[in-house]
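No value in this document is a laboratory result; all are computed from the given coordinates. Here the structure is a predicted model, which means the values were calculated and not measured. Cβ placement follows ideal geometry from the backbone for every residue including glycine, while neighbour counts extend to all protein chains displayed.
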């Protein structure tokens with residue numbers, strides 16, 4: 001997938017078989033051609049055909065019978081599923097909109113519905129709005145809920161646990177987006193789709209180390225998601241691996257728009273700063289420039305996420321790109337898998353990121369992208 005506009009081979013096989021089924025040319029109860037026959041028909045590999053048939057199964061269009069093959073299921077509107085989106089930070093944390101777009105664009109979503117929820121009264125806080133949406137999805141008996149736990153509020157952990165527990169008690173499957181319900185290093189009991197945040201923290205820090213920086217700070221904000229703790233862990237691991245100084249004085253939880261806090265950070269004379277995310281990096285950059293420092297001449301700056309504005313900042317930002325649309329598609333597949341196989345062990349599904357090199361790190365190559373990490377579950 002990605003931005004090339006060219007559909008992967010398995011999706012072409014999926015789309016062709018789906019058209020045959022939905023047009024009625026292949027009827028309910030009919031047996032699909034064997035995977036060997038499909039390989040010859042589409043000129044595709046066994047892995048490609050196998051994935052397409054599995055996606056048809058996850059979409060509720062076919063069923064597999066052991067030792068017999070795959071058969072078209074009877075079309076029954078009652079089989080269409082409705083999944084709630086419980087994303088309190090939608091509109092505030094920029095990665096979630098493209099993640100939702102990736103869900104809606106997935107071929108697996110065509111038969112099903114995504115519920116955005118609605119609030120009949122103005123809730124006094126983000127925490128209360130999240131709880132109201134949770135209750136709404138329970139009352140509507142949603143088939144599952146995609147949940148991106150709250151962050152940046154003092155009581156986030158208690159509210160996140162309350163929501164997850166309520167959905168569990170109602171028997172509603174949950175797939176987590178980007179972050180866990182519980183603080184790092186706890187894991188929790190739900191499938192998670194995102195990136196390996198510890199590896200991300202390591203890789204972006206290692207990039208600065210390769211450029212010659214040794215006194216490197218880490219900056220996040222208070223009450224951030226568990227992802228920030230994992231990224232900080234990766235940052236510390238990279239410094240240790242490179243025998244660079246690891247000091248508590250270089251790790252900060254601060255408001256990046258508060259000039260006095262940023263002045264104190266710069267007074268510690270870091271050569272570079274790893275920001276927990278692009279949101280923090282953008283605000284910190286403006287504060288550093290307002291204080292009369294230059295990026296990257298006085299301090300190198302990097303982030304994580306590659307939000308749309310990262311390349312438009314006063315000094316274009318070096319960062320790690322999250323595959324947000326692909327995360328959305330993977331999350332939808334994980335949800336269908338969880339619904340159909342509720343006893344499957346809980347999984348982390350981690351997609352790979354790309355290093356995007358811009359001027360803020362002091363490297364000479366503008367706009368370079370380098371993939372790293374690996375997908376796993």
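Odds and ends about this structure:
- Solution diffusion estimate, µm²/s, Stokes-Einstein, the chain, Kirkwood Rh from C-alpha pairs, 20 °C, viscosity 1.002 mPa s: 95 µm²/s
- Extension gain, residue 260 to residue 341: 0.36 nm times the residue separation minus the Cα-Cα distance gives 23.9 nm.
- Whether segment 179-311 is rounded, prolate or oblate, judged on the alpha carbon gyration tensor where a/c under 1.5 counts as rounded: prolate
- Ordering 322-330, 260-268 by mean Cβ neighbour count within 10 Å, with the highest value first, yields 322-330, 260-268.
- Hydrodynamic radius of segment 236-304 by the Kirkwood approach over all distinct alpha-carbon pairs: 12.4 Å.
- Counting only alpha carbon atoms, the long axis of helix 96-105 and the longest principal axis of the chain meet at about 20°.
- Counting beta carbons within 10 Å around each of 138, 95 and listing the fewest first gives the order 138, 95.
- Separation of the residue 92 and residue 80 label points, Cα + 7 Å toward Cβ, nm: 3.3 nm
- For segment 9-72: Kirkwood Rh in Å [reciprocal of mean 1/r, alpha carbons]: 11.5 Å
- Extension gain for residue 40-residue 210 works out to 56.3 nm (0.36 nm per residue, less the C-alpha to C-alpha distance).
- Angle between the chain longest axis and helix 9-23 axis [Cα atoms, degrees, rounded to 10]: 40 degrees
- Using alpha carbons only: equivalent-ellipsoid semi-axes of segment 233-377, gyration tensor based, whole Å: 33, 17, 15
- A simple spin-label model places the labels of residue 19 and residue 101 2.6 nm from each other, with each point 7 Å out along Cα-to-Cβ.
- Mean separation of Cα contacts under 8 Å, 6 or more apart, over the residue count of segment 9-72: relative contact order %: 43 percent
- Here the label points at residue 242 and residue 132, each 7 Å from Cα along the C-beta direction, are separated by 4.7 nm in the simple model.
- Size check on segment 131-234: the Cα extents along the three principal axes, sorted descending, read 56, 24, 18 Å.
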